[in-house]
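**Q** What follows is a structure written as structure tokens; I'll ask about it next.
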Amino acid sequence: MTRTWLVVGLGNPGPTYAGTRHNVGAMVVTELCARAGVSLTSARGQRADVARTRISAAGLAVPSAQADPVILMRSRTYMNESGIAVRKVADFSHVPVGSVIVIHDEIDLDLGRIRVKAGGGDNGHNGLRSIRSHLHSGEFTRVRVGVGRPPGHQDPADYVLKGFPSRDRDEIAVQVGLAADAVECLMADGLAVAQNRFNH
């Protein structure tokens, strides 16, 4: 029996925010779309851009009778209203909370670190807070992508809205690829396998 997955890459819309730390989740969804050979398009009335593909044990977009449907999504709302779009897409496609995977930036993890986690609070992250509020549950899976703490006394809100310095761009490209690997692993092999492989 197949299940439908909803993979959400958090970020803010528009070119002003592209490439910022807060948009690393959206970068991972872009990578997943490239792997699957699909493009995001506007979902009417859902305040989101989505792409549909499938995943089997062999990976994304691999034909298989047992392949699970996957919805890749980026919200067209700003971060603090992400839950509105997530709820609309989840409701439209009948995706339960337990099949939602949210990819987001995490200042409590160093750059280059990834953590896979099921459930939990929002830890001050406005996107997660909005999703928990609109889904009436925090029991979705998270792929936390480390962006590091701001230096000195810089405001974390300002820090995550800035781009990565040039010295870090190669590393963040690798990290985005690893986070995409973690999402594929979660869907194909389950939480325990993904945590064992990526939570180091």
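The values are calculated or read from the model by the stated rules, or taken from the named source; none is laboratory data. Please read all numbers here as calculations on a predicted model, not as lab measurements. All Cβ positions, even for glycine, are placed from backbone atoms using ideal geometry, and neighbour counts span all protein chains on display. Quick note on the areas: whole protein, heavy atoms, side chains included, nothing else; ligands and nucleic acids left out. Shrake-Rupley method; radii C 1.70, N 1.55, O 1.52, S 1.80 Å.
**Q** Roughly how many percent of the accessible protein surface of region 81-200 is carbon and sulfur, given a 1.4 Å probe and a whole-percent answer? Show your work: numbers first, answer last.
**A** Numbers: 2690 of 5630 Å².
C and S atoms contribute 48 percent here.
**Q** Please state the equivalent ellipsoid semi-axes for the chain: what are the square roots of 5 times the Cα gyration tensor eigenvalues, largest first, in whole Å? Spell out each step's value before the answer.
**A** Numbers: eigenvalues 121, 70, 52 Å².
After scaling each eigenvalue by five and taking roots: 25, 19, 16 Å.
**Q** For region 115-200, run through the trypsin sites (Lys or Arg not before Pro) and keep only the ones in DSSP coil with at most 16 other Cβ atoms within 10 Å of their Cβ.
**A** Numbers: sites: R115, K117, R129, R132, R142, R144, K162, R167, R169, R197; in loops: K162.
Taking region 115-200 and a limit of 16 other Cβ atoms within 10 Å, the loop trypsin sites (Lys or Arg not before Pro) found are K162.
**Q** Here is a follow-up. Return one number: the angle in degrees, 0 to 90 and rounded to the nearest 10, between the long axis of the Cα atoms of helix 169-189 and the longest principal axis of the Cα atoms of the chain.
**A** In the chain, helix 169-189 runs at an angle near 30 degrees to the longest axis.
**Q** For region 1-53, with all protein chains present and a 1.4 Å probe, just round the carbon and sulfur fraction of the accessible area to a whole percent. Don't skip to the end; give the middle numbers.
**A** Working: 1230 of 2430 Å².
Here carbon and sulfur together make up 50 percent of the probe-accessible area.
**Q** For the Cα atoms of the chain, what angle does the longest principal axis make with the long axis of helix 126-135, in degrees from 0 to 90, nearest 10?
**A** 30 degrees
**Q** Divide by every residue of the chain the summed helix terms, -39500 (n - 2.57) for each DSSP H run of at least 4, and state the resulting mean residue ellipticity at 222 nm, rounded to the nearest 500 deg cm²/dmol.
**A** Calculated mean residue ellipticity at 222 nm is -10500 deg cm²/dmol.
**Q** So what is the accessible area of region 5-199 per residue, in Å², with the probe set to 1.4 Å? The partial results should precede the final answer.
**A** Working: 8830 Å² over 195 residues.
Accessible area per residue, region 5-199: 45 Å².
**Q** OK, next. Rounded to the nearest Å, what's the spacing between the alpha carbon centres of region 1-74 and region 90-155? Just the number, please.
**A** When both Cα centres are located, 16 Å separates them.
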